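Every number here is computed from the coordinates shown, using simple stated rules; none is lab data. Bear in mind that the values here come from a model prediction, so they are computed numbers and not experimental data. Positions of Cβ are generated from backbone atoms using ideal geometry, with glycine treated the same way; all protein chains shown enter the neighbour counts.
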Amino acid sequence: MIARYQRPEIARLFTLEHRYQTWLQVELAVLQVLEEHGRIPRGAFARVEERLRNWPPEALAHRALELEQETHHDVVAFLMAVEERVGEEGRWIHYGLTSSDVVDTAFALVLTEATDLLLEATDQVLHTLKGLALRYRDLVIMGRTHGMFAEPTTLGLKFLGFYQEFRRNRHRLQQAREEIRYGKLSGTVGTNAYLEPDLEAEILQRLGLRREPVATQVVPRDRHAFLLETLALTGAAVERLATEIRLLQRTEVGEVEEPFEARQAGSSAMPHKRNPIRSERLCGLARVLRGYVQTALENVALWHERDISHSSTERIVVADAFQLLYYMLWLLNRVLQGLRVNEARIRENLTRFGDFYYSQPLLLALLRRGAPRRQAYYWVREVSQRAYDRRTSFLKEAQEHAEIRRVLRPEDLQAVVSFDFTRHIPEIFRKVLGSDTSE
């Protein structure tokens, strides 16, 4: 991951130093339980732990990389480095294990920890979205479909919709966290030939993981594919919200605007520009994030009990996917916290093209009075499009339409243009938020 899109709190989880420290965590858990069950000499665990205690992670990583130049096998190099440090007791490390036992189990620990950070970042976005939804619950804004005026909604309801989407994604992240929290110590082809299933489960429980019920040499990669699909789907939610901001910020719309700092430049040639660069960046990164899912899906179908084709790709796509999404959630929250809402422009846009959007209330009024739908639809179409094209009053056009005037009374037409499109929005809020209406 390039430094431009890294945040240190999650980047550290995917460093080589952390990778080796997590491998050590797995190896020591196995060693401790084996000693407790009398499989290795008593005191071996304490002596190994003592010799490793003050060993800087950087020193382990440096030596393991040196040895990997000879072995061309990262786990063998890691074990050789550890044995050099530990001495004679090092022979008990990795006892009965294969490389993937350590690598996949440690990977589950890292991914669980990384998902916890994503959950925290999602919670921050949710908190901000809830505040915006409540603040603008009653601010009427034109709703648009196909980019065109549809019917009025409120800006708060827009934010509430995004809030609910991020709640769904939080649930999916939590589910993916549980799906990935599986390790395996069942040996070269998953037969538990050297560590029986109950012993394997005990070690994994000590690490905070569950035992993969049926493993090959690796934890099945459908778990990892599901995780990356979930990350990409959360990224798509970020993109959808960022796209909404971009559309509402256009000069001719001007209803909301992402933060623009005092010394920020919008263009090298046009100093007047205030471009939605952060929202655009979020949309671009979401595309990259989705691309990683394809690789994760292709990693599912490994040869027989395993091959190594997934290993190289996971070092890139998994680390990058987590760091990208974390950065995206962090940046989105900053955009939302500094979002500028132009209430005057919102009100202006509601009226600048007239009130032609009362078409559906008029159509329904005609249907209630017995007009055939097919005829009523085209009467209303004629009235509303004439009002839009001529910038005339929708009510006036309806009053002058002979067929409509024969069906509806003047008071019926007046009720049409008094229709309250947003009258049930408080109820929608109550159903989503319950009584929790504090920002």
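Okay, here's what the table says:
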| quantity | calculated |
| --- | --- |
| Degrees, to the nearest 10: 155-180 long Cα axis against longest axis of the chain | 20 |
| Residues with amide H under 5 Å from that of LEU139, placed H, sequence gap 5 or more | LEU155, GLY156 |
| Cβ-based net charge around ARG347, under 13 Å, with every Lys or Arg adding one and every Asp or Glu removing one | -2 |
| Label corresponding to volume of the Cα convex hull per residue in Å³ when calculated from the structure given, among (1) 173; (2) 210; (3) 149 | (2) |
| Cα-based reach from LYS396 at 14 Å (exclusive), listing aspartates and glutamates while leaving out same-chain residues under 8 positions away | ASP355, GLU382, GLU411, ASP412 |
| Cut-off 15 Å between beta-carbons: net charge of the residues surrounding VAL140, Lys and Arg +1, Asp and Glu -1 | +1 |
| Simple spin-label estimate for ASP436 and GLU196 in nanometres, 7 Å along Cα-Cβ | 4.7 |
| Rough spin-label spacing in nm, given labels placed 7 Å along Cα→Cβ, for ALA402 and ALA59 | 9.9 |
| Gaussian network model of the chain, springs between alpha carbon atoms under 10 Å - residue of PHE353, PHE45, PHE159 with greatest fluctuation | PHE353 |
| Backbone HN-Hα couplings from phi across segment 199-214 [Karplus 6.51/-1.76/1.60, Hz, Gly and Pro as x] | 5, 4, 4, 5, 5, 5, 4, 5, 8, x, 10, 9, 7, 4, x, 9 |
| Simple spin-label estimate for ASN275 and LEU28 in nanometres, 7 Å along Cα-Cβ | 5.0 |
| Mean residue ellipticity (222 nm) of the chain, computed from DSSP H runs ≥ 4 via -39,500 (n - 2.57), nearest 500 | -21000 deg cm²/dmol |
| Net length gained if the chain between LEU119 and VAL300 were fully extended (0.36 nm per residue, minus Cα distance) | 62.6 nm |
| Other-chain or far-sequence residues with amide H under 5 Å of ARG210's (modelled H) | TYR182, GLY183 |
| The chain: antiparallel DSSP beta bridges as a percent of all, rounded to 5 | 80 |
| Whole-Hz ³J(HN,Hα) from phi, Karplus 6.51 cos²θ - 1.76 cosθ + 1.60, for segment 70-86, glycine and proline x | 8, 7, 6, 8, 5, 6, 4, 5, 4, 5, 5, 5, 5, 5, 4, 6, 7 |
| In order through segment 409-419: 3J(HN,Hα) via Karplus (6.51 cos²θ - 1.76 cosθ + 1.60), integer Hz, x for Gly, Pro | 7, x, 5, 5, 5, 5, 5, 4, 7, 9, 4 |
| Sequence-distant residues sharing a close amide H with ASP355 (under 5 Å, placed H) | PHE394 |
| Pairwise FRET efficiency - GLU261 versus SER312, Cβ, R0 = 45 Å, nearest 0.05 | 0.65 |
| Those aspartates and glutamates that a straight Cα-Cα span of less than 13 Å connects to LYS184, excepting residues fewer than 8 apart in one chain | GLU27, ASP101, ASP104, GLU196, ASP198, GLU200, GLU202, GLU212 |
